[in-house]
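The values are calculated or read from the model by the stated rules, or taken from the named source; none is laboratory data. Since we're looking at a predicted model, the values are computed, not measured. A quick note on method: Cβ atoms are made from the backbone with ideal geometry, for glycine too, and the neighbour counts reach across all protein chains shown.
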């Protein structure tokens, strides 16, 4: 059952004019900062859909309605991917050594958002520049531009390297798979359309989003309400 919730992109729409620019998205200033974080709606940790039903219903879907993804659903997807689940800081997805190298973002036509697991918060910046080129950076897979929101999983391998050395990158990539599957199953429980995308130019997507050096893009997950 889809949960009625409040839209989220309006948080930053009033500030868009401050970020307007004719510069190409790939020249995005990496020093750009997000607005102060906001608290997200509390995640639903009980739900009404069983794990088995979510496994059965999960499908790769490439068609989306233009409906904006509500903030509460976005918050639930973020929590499924990297939410904190106890007082010791453990998260929904396993991590080698509990070092948590992953970062989660959401990109829309108007904003770039970054999930902060501690405190279940979101920081945003009004930024329409990455969106027009995101599908092209994914080898012109047009359905990416059809989705109202694209989730981005990135990773900072140096967080894992100190302990795991040469295998750190492999461990981080596996962890991205754990987080992605959590997100896909949560999307199925929310009756959302989504598909994991591994075909893209990671360096170009990182430039489009203005990610800092050392942060690598690992997965794109377009998500939205199914058509009809």
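The table below gives the values:
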| read-out | value |
| --- | --- |
| Which listed residue is within 16 Å of the chain's Cα centre (by Cα) and not in a strand (DSSP E or B), from 93, 65 | 93 |
| Number of positions in segment 164-184 that are under 29 Å from residue 57 (Cα atoms) and surrounded by 19 or more Cβ atoms within 10 Å (Cβ to Cβ) | 9 |
| Top-ranked residue in segment 147-162 [being at pLDDT 95 or above and over 18 Å from residue 186 (Cα atoms); ranked as surrounded by the fewest Cβ atoms within 10 Å (Cβ to Cβ)] | 158 |
| Subset of segment 111-130 (residues that are surrounded by fewer than 20 Cβ atoms within 10 Å (Cβ to Cβ) and over 14 Å from residue 34 (Cβ atoms)) | 118, 119, 120, 128 |
| Members of segment 20-58 that are at pLDDT 90 or above and not in a loop (DSSP other than H, G, I, E, B) | 38, 39, 51, 52, 53, 54, 55, 56, 57 |
| Failed condition for residue 87, given (1) farther than 18 Å from residue 219 by Cα; (2) in a helix (DSSP H, G or I) | (2) |
| Those residues of segment 200-228 which are in a loop (DSSP other than H, G, I, E, B) and farther than 17 Å from residue 131 by Cα, in sequence order | 212, 213, 214, 225, 226, 227, 228 |
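Residues are listed down the side, and each one gets a yes or a no for (1) out of contact with any strand residue (DSSP E or B) (no Cβ under 7 Å at 6 or more places or on another chain); (2) modelled with pLDDT of 95 or more; (3) more than 14 Å from residue 103 (Cα to Cα):
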position	(1), (2), (3)
171	yes, yes, yes
175	no, yes, no
182	yes, yes, yes
191	yes, yes, yes
196	no, yes, yes
203	yes, yes, yes
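Results for (1) at negative phi; (2) within 12 Å of the chain's Cα centre (by Cα); (3) without any contact (Cβ under 8 Å) to a residue 40 or more places away in the chain, shown as yes or no for each residue.
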| site | (1), (2), (3) |
| --- | --- |
| 153 | yes, yes, no |
| 159 | yes, no, no |
| 167 | yes, no, yes |
| 199 | yes, no, no |
| 220 | yes, yes, no |
| 225 | yes, no, no |
